[in-house]
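The values are calculated or read from the model by the stated rules, or taken from the named source; none is laboratory data. Since the model is a prediction, treat every value here as computed from it, not as a measurement. Virtual Cβ from ideal backbone geometry, glycine too; neighbours counted across all protein chains shown. Only protein heavy atoms, including side chains, enter the accessible area calculation; ligands, DNA and RNA are left aside. Shrake-Rupley method; radii C 1.70, N 1.55, O 1.52, S 1.80 Å.
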Amino acid sequence: MHEIEAAGFLFDMDGTLVDSTAVVEHVWTEFCRRHGLDPVELLAFAHGRQAGDTIAHFLPRLTDAERAELATGLVAEELTRTDGIVEIPGAAAFLTALADDGAKIAVVTSAPRDLAVTRMRAAGVPVPAVLVAAEDVERGKPDPLGYLLAAERLGVPIGECVVFEDAEAGLTAAVASGAQVVVVGGHESGITAGLPRLHDYADLTAVVAR
């Protein structure tokens, strides 16, 4: 895949623009040790989802307030950890080229806004004006609401947008939104069958549909 055309360009953040795997795995593994959970099972579920949804899935007996407190603590810890966070190769240059061409760009992430901005800046990836974060939607991925909201804020019909995603929950949301979808990285499942794929942005060029 070397060229893609769309009117709107929507990106997940973790695993799609930014590689924060080491930080995420460390924080969640420590969380699992404290709560007697299997980190392999939790991490497989958590990727692409909001922290609160993951906590609710694995600790269903907690109250909403208790889950919110745990999620807040996780985010606070993640905000202090930026060592080792890097861009997916070519991501910064690709977003810069899109912006220079006047493209309409948004990031749609399951992370809270402050965490998303912190990670993107740590990786040297430009933060677009439209960023739909965890606190902006009532339902996180795999619900398509975040992508639909991003397209609305860009003023572009979702069917004229392309979504770049790496995780099952995000890919499910992207496909359900009605956008064109590109898989970033090596994730494979039933939902990725037939979708275009890229492993980085090094050789990708974009055509902005006007």
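All conditions but one from (1) among the charged types (D, E, K, R); (2) farther than 18 Å from E168 by Cβ; (3) touching a residue at least 40 places away in the same chain (Cβ under 8 Å) apply to E69; the one that does not is (3). Listed conditions (1) open to solvent by less than 60 Å² (accessible area, probe 1.4 Å); (2) in contact with a strand residue (DSSP E or B) (Cβ under 9 Å, 6 or more places away or on another chain); (3) hydroxyl-bearing (S, T, Y) are all met by T205, apart from (1). Scanning the stretch 188-198 for residues that are aliphatic (A, V, I, L, M) and more than 21 Å from Q50 (Cα to Cα), we see that the one that is nearest to the chain's Cα centre (by Cα) is L198. Please find, within the stretch 25-59, the residue that is least open to solvent (accessible area, probe 1.4 Å) out of those that are free of Cβ contacts under 8 Å to residues at least 24 places away in the same chain and assigned to a loop (DSSP other than H, G, I, E, B). Looking at the filtered set, the residue picked out is L37. Of the residues making up the stretch 175-202, those that are in contact with a strand residue (DSSP E or B) (Cβ under 8 Å, 6 or more places away or on another chain) and free of Cβ contacts under 8 Å to residues at least 60 places away in the same chain are V175, S177, V181, V183, T192, L195, H199.
Got a sec? Which of A65, A22, A76 is among the aliphatic types (A, V, I, L, M), modelled with pLDDT under 90, more than 30 Å from I4 (Cα to Cα) and open to solvent by 60 Å² or more (accessible area, probe 1.4 Å)?
Values: A65 fails: modelled with pLDDT under 90; A76 fails: open to solvent by 60 Å² or more (accessible area, probe 1.4 Å).
Going through A65, A22, A76 in turn, the sole match is A22.
Scanning the stretch 188-210 for residues that are part of a loop (DSSP other than H, G, I, E, B) and basic (K, R) turns up just one, R210.
The residues of the stretch 147-168 that are of a type in the set (A, V, I, L, M, F, W, C) and at pLDDT 95 or above, listed by number, are L148, L149, A150, A151, L154, V156, I158, C161, V162, V163, F164.
If you check T63, T21, T80, T29 for being under 19 Å from D114 (Cβ atoms) and either out of contact with any Asp or Glu (no Cβ under 6 Å at 6 or more places or on another chain) or small (G, A, S) (or both), only one passes: T80. In the stretch 89-187, counting only helices (runs of 4 or more DSSP H) that sit wholly within it, the ones holding 3 or more residues that are over 12 Å from the mean Cα position of the chain (by Cα) and surrounded by 22 or more Cβ atoms within 10 Å (Cβ to Cβ) span 91-100, 145-154.
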